[in-house]
Amino acid sequence: MRVLVVGGGGREHALVWKLAQSQRVTEVLCAPGNAGIAPLARCLDADLSPEALLAVAKREGVDFTVVGPELPLVAGVVDAFEAAGRRVFGPNRAAARLEGSKVFAKTFMARYNVPTAAYRSFTELREAVAYLETQSYPVVVKDSALAAGKGVTVARTRTEAVGALETVFKTGGEVVVEEFLTGQELSLLLVTDGETVRLLPPAQDYKQAFDGDLGPMTGGMGAVAPVPLLSEAQLAEVLQTVVGPTLAGLRAEGVSYRGVLFIGLMITSAGVKVLEYNVRFGDPETQAVLPLLESDLLELLEATADGRLAGVTPRWSAGASACVVLAAPGYPGGYPTGLSLSVPKTLPENTLVFHGGTALAEGVLVSSGGRVLSVVALAPTLTQAVAAAYTGVDAVDFPNAHLRRDIGGRFGSA
Ligand code: AMP
Ligand code: GLY
């Protein structure tokens, strides 16, 4: 089979790496890919619109397409492929609204009693500012539209909240103002064909830029999996109060969800609540989670897309995984590109380096984005995996890289 992966970040490198191991894959293509993906997949220059991607799939005789990022999903790439009779992994446009519009997601959760933070939505700056008078701080301000992980502000003061509202209304039309929740966050990823659900190992992302969860929100500075945050009983409760009603709600609205559903959860003292839905694999969660998969990824993704997931049970390693992101200095604010770096050919055992933003400039590896590399290590325990990931970081030569030194630190000696 010829498989196309859409996207060009660390998540897509992990997807390509794992798909390339499948016995049934003859060639992997990636659009656009990056310098780390290039040795594993033929990288294609293409814009990521549904039409352009469909044209690539037709031209290259692609048998199965896996969509990484949210933008093409929200734009309807799956609908376009299905209308043309092409097999594709990911939810369709109607299902992707769970991520594409935070207002849609919040009203959906309210309709189906999915526990989430209390909120109001606004289309007028003046009304949103007036509503702040009734709020205590911190309060959370969210751009309703896609914002590449940068649309959320946890505002500690009224001034910060007003600033965040003004920023949203400069570009967007709608905002969600919601209650600030405290607790541990959990990235619950699952694949579903609309009926059967298969959970991936629960992961945790480290979202703020600096150690100790300080500084601005990023796309994610590291991740560990599986995290020992939910007991069997709590997990059963999440399946019953969150996952079940979400899939039932989608079905009730005539939406068949096929793909990965990533539910961002906050484990609060008043129970588990949903922070957000994402309709795709997480980045960097995927870099941590996929190396734990012992069975065939292609089989799992195809069964999900074909609606026969009931017949497939993925097999996961009993060990743990940790991922540390090396970002360009300055990320998530302004940062330079074109910084040279090098990754040794031979890495320590059970260590992987996935490229997020790299390119070749006259044969030299350089940075081309904010999150440049993900260093991942597998080990029997989480503590060992974290230590091994930092050993891997030391093996990479990327001067002035920005990284967190406390990935996995919330779990002590787990
Ligand atoms: P979202 O894109 O909605 O997941 O928000 C990004 C990040 O903002 C989350 O992963 C949390 O760290 C934080 N966040 C979002 N909503 C809340 C909330 N209601 N209370 C506390 N933190 C939140
Ligand atoms: N790591 C969070 C995300 O992918 O949105």
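Since every read-out is calculated from the coordinates, none of them should be taken as a lab result. Source: prediction; values computed, not measured. Cβ placement follows ideal geometry from the backbone for every residue including glycine, while neighbour counts extend to all protein chains displayed.
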Would you check which residues across the stretch 43-72 are within 21 Å of residue 299 (Cα to Cα) and either polar (S, T, N, Q) or surrounded by 15 or more Cβ atoms within 10 Å (Cβ to Cβ) (or both) and list them? 57, 62, 63, 64, 65, 66, 67, 68, 69
Number of positions in the stretch 136-188 that are more than 8 Å from ligand 1 (Cβ to nearest atom), assigned to a loop (DSSP other than H, G, I, E, B) and of a type in the set (Phe, Trp, Tyr): 1
Residue 161: within 19 Å of residue 214 (Cα to Cα), surrounded by 19 or more Cβ atoms within 10 Å (Cβ to Cβ), touching a residue at least 24 places away in the same chain (Cβ under 8 Å) and among the small types (Gly, Ala, Ser), yes or no? yes
Requiring at least 1 residues that are more than 24 Å from residue 78 (Cβ to Cβ) and over 20 Å from the mean Cα position of the chain (by Cα), the helices (runs of 4 or more DSSP H) wholly within the stretch 218-300 are 232-238
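Which one is nearest to residue 353 (Cα to Cα), of the residues in the stretch 187-236 that are among the charged types (D, E, K, R) and in contact with a strand residue (DSSP E or B) (Cβ under 7 Å, 6 or more places away or on another chain)?
As a first pass, look at the stretch 187-236 and keep what is among the charged types (D, E, K, R): 193, 195, 198, 205, 207, 211, 213, 232.
Narrowing further to those that are in contact with a strand residue (DSSP E or B) (Cβ under 7 Å, 6 or more places away or on another chain): 198, 205, 207.
Working: 198: 27, 205: 17, 207: 20 Å.
If we take residues in the stretch 187-236 being among the charged types (D, E, K, R) and in contact with a strand residue (DSSP E or B) (Cβ under 7 Å, 6 or more places away or on another chain), then 205 is nearest to residue 353 (Cα to Cα).
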Tell me yes or no: at least one residue of the stretch 98-119 is within 22 Å of the chain's Cα centre (by Cα), touching a residue at least 40 places away in the same chain (Cβ under 8 Å) and at positive phi. no
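So that you can scan it fast, the table gives a plain yes or no per residue for (1) surrounded by fewer than 23 Cβ atoms within 10 Å (Cβ to Cβ); (2) hydroxyl-bearing (Ser, Thr, Tyr):
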residue	(1), (2)
321	no, yes
332	yes, no
339	yes, no
357	no, no
385	no, no
391	yes, yes
403	yes, no
407	no, no
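Answer yes or no as to whether residue 363 is free of Cβ contacts under 8 Å to residues at least 40 places away in the same chain and either crowded, with 24+ Cβ neighbours inside 10 Å or of a type outside the set (A, V, I, L, M, F, W, C) (or both).
On the way: free of Cβ contacts under 8 Å to residues at least 40 places away in the same chain: yes; either crowded, with 24+ Cβ neighbours inside 10 Å or of a type outside the set (A, V, I, L, M, F, W, C) (or both): yes.
For residue 363, the condition - free of Cβ contacts under 8 Å to residues at least 40 places away in the same chain and either crowded, with 24+ Cβ neighbours inside 10 Å or of a type outside the set (A, V, I, L, M, F, W, C) (or both) - is met.
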Quick check on my filter: what residues within the stretch 190-224 are within 16 Å of ligand 1 (Cβ to nearest atom), aliphatic (A, V, I, L, M) and crowded, with 24+ Cβ neighbours inside 10 Å? 203, 221, 223, 224
Looking only at the stretch 65-93, count every residue that is within 21 Å of residue 24 (Cα to Cα) and within 21 Å of the chain's Cα centre (by Cα) and tell me the total. 7
Take residue 225 and tell me if it is touching a helix residue (DSSP H, G or I) at 6+ places or on another chain (Cβ under 9 Å), within 27 Å of residue 382 (Cβ to Cβ), in contact (Cβ under 8 Å) with a residue 60 or more places away in the chain and within 16 Å of ligand 2 (Cβ to nearest atom). yes
